[in-house]
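A.B. asks: Could you have a look at this structure, given as structure tokens, before my questions?
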Amino acid sequence: MPVSFASKAAETGWYSFAVEYVDWKWVRTSGNSRKNTAKAMTAATVALLRTQPGQFDDRDVRTALREFAFNTKRRSAPAPGEVREILDWVERNTLPMSAWEDTAKVEQVVAAISTLLDGTAAAASSVMRNRRILSLALDRAVQHNILRVNPLAALGKRESGLRVGQAISKRSLLNPAQVTALLEWIGQRPRRGLLYQAFFATICYAGLRPEEAVALHVADAVLPETGWGEIIVHKAHPEVGGQWTDSGEVHEVRDLKGRAEGDTRTVPIHPDLVALLRRVIAKYELKPDGLLLPGAGGDTLAGSVYRRVWGKAREAVLAAHEYASPAGKRVYDLRHTCLTGWLNAGVPPATVAEWAGNSVPVLLAIYARCVTGQLTDYLKRIEGLRYLPVA
């Protein structure tokens, strides 16, 4: 093969390529994607070291890689002396890109991104995400003639043995009595209990994602004195950490998930929630241009705060066996409970998908197993379809 056709794998170090890739990707991705990319690159880089760093603690090495080497924003500022020393050592001791042409080394990297630090297997969803991130990076290496082929694509999904299920478990859903008891307990907390109650009620009545609920403004809600209201959802404030956002704020202002830039969706809200939100606005004297469910000081409600409140509520309200179960273990399970309730009430999947901000295929893939209570009606509908002659 002519020299001009040869790849540049042997003369390109993995570390320098990974850093350049992160910088190229930075302006094109959200804060969460930046953080996930840094995690995947960190695991791969540790697996591609010539020798393990005996003079440095493994956790310090991983922190230096994740928080500095693969963080474009922080790398632009002078790093602490120990971090700089670690990264200089990593750069000198990382294998070249030609390591990706060695099947055994590729399998070693795949094993590294599939394992937690304690040696246990990572969740299938995390492994698939890490593989996807690395595969995109290696695609770019192929495009720039650093590699001839993407070794992860050549290895194939079959090699991983992974099966990532989208469907939720019925065990994670709460029943109406449990939700009522939890919201009642939260509402009785001193000072901001009513606001926390409204936050969780908004998720379980309107099916919002938590990052959508914290982004709502008072002006986004239509709250009549009686009857049904509606919420116009148009922004999300995911919590990713100030080191990953362009603004330096903990929360990132994003458009709706899976929607075009500037797109919105309208969700009807139950009269009970309308009344509760009206009480919140009156009690905390919220202004139309302010957040509907603010944190302390009027800032975006912090995930660490509402997760702590929810955890205390579950422990106080649920029976011991319920608390130990997956029932409502995550705040996000309130959204699952809401959407399942809509489907079980007979709301058409297309309508539920529109309200929830999902596509119909994704909605059915996630919730189909949890749709119950309609079998008797369905059987009656098809009972008249008879094909055998009457005896």
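The values are calculated or read from the model by the stated rules, or taken from the named source; none is laboratory data. Model, not experiment: these values are computed from the prediction. When we count neighbours, we look across all protein chains shown, and the Cβ atoms used for this are built from the backbone with ideal geometry, even at glycine.
A.B. asks: Restricting to region 260-298, name every residue that is modelled with pLDDT under 90 and in contact with a His (Cβ under 9 Å, 6 or more places away or on another chain).
C.D. replies: Hits for region 260-298 are GLY262, ASP263.
A.B. asks: For region 73-113, which residues satisfy the criterion of being without any contact (Cβ under 8 Å) to a residue 24 or more places away in the chain and under 20 Å from LEU138 (Cα atoms)?
C.D. replies: ASP102, ALA104
A.B. asks: Shifting gears a bit: Among the candidates VAL222, VAL317, VAL240, VAL309, which residue alone is in contact with an Asp or Glu (Cβ under 6 Å, 6 or more places away or on another chain), within 30 Å of LEU173 (Cα to Cα) and modelled with pLDDT of 95 or more?
C.D. replies: Just one listed residue meets the conditions, VAL222.
A.B. asks: Continuing with this model, one more query. I'd like to verify a number: residues in region 188-202 that are over 24 Å from the mean Cα position of the chain (by Cα) and either among the hydrophobic types (A, V, I, L, M, F, W, C) or not in a loop (DSSP other than H, G, I, E, B) (or both), how many?
C.D. replies: The number of residues fulfilling the criteria is 3.
A.B. asks: Moving to a separate point now. Would a scan of region 1-19 turn up a residue that is assigned to a helix (DSSP H, G or I), at pLDDT 90 or above, within 22 Å of the chain's Cα centre (by Cα) and surrounded by 13 or more Cβ atoms within 10 Å (Cβ to Cβ)?
C.D. replies: Our first condition is that a residue be assigned to a helix (DSSP H, G or I); within region 1-19, this holds for 3-5, 14-19.
Filter once more, keeping what is at pLDDT 90 or above: 14-19.
This time we only want the ones that are within 22 Å of the chain's Cα centre (by Cα), so: none.
No, region 1-19 contains no residue that is assigned to a helix (DSSP H, G or I), at pLDDT 90 or above, within 22 Å of the chain's Cα centre (by Cα) and surrounded by 13 or more Cβ atoms within 10 Å (Cβ to Cβ).
A.B. asks: Taking the conditions exactly as written (within 29 Å of the chain's Cα centre (by Cα) and in the same structural domain as LYS8 (by TED's automatic domain parsing)), does ALA99 satisfy them or not?
C.D. replies: No.
A.B. asks: Please count how many residues of region 68-99 are within 27 Å of GLY248 (Cβ to Cβ) and surrounded by 19 or more Cβ atoms within 10 Å (Cβ to Cβ).
C.D. replies: Result for region 68-99: 8.
A.B. asks: In the set ALA111, ALA153, which member is modelled with pLDDT under 95, farther than 19 Å from ASP58 by Cβ and surrounded by fewer than 16 Cβ atoms within 10 Å (Cβ to Cβ)?
C.D. replies: The unique qualifying residue is ALA153.
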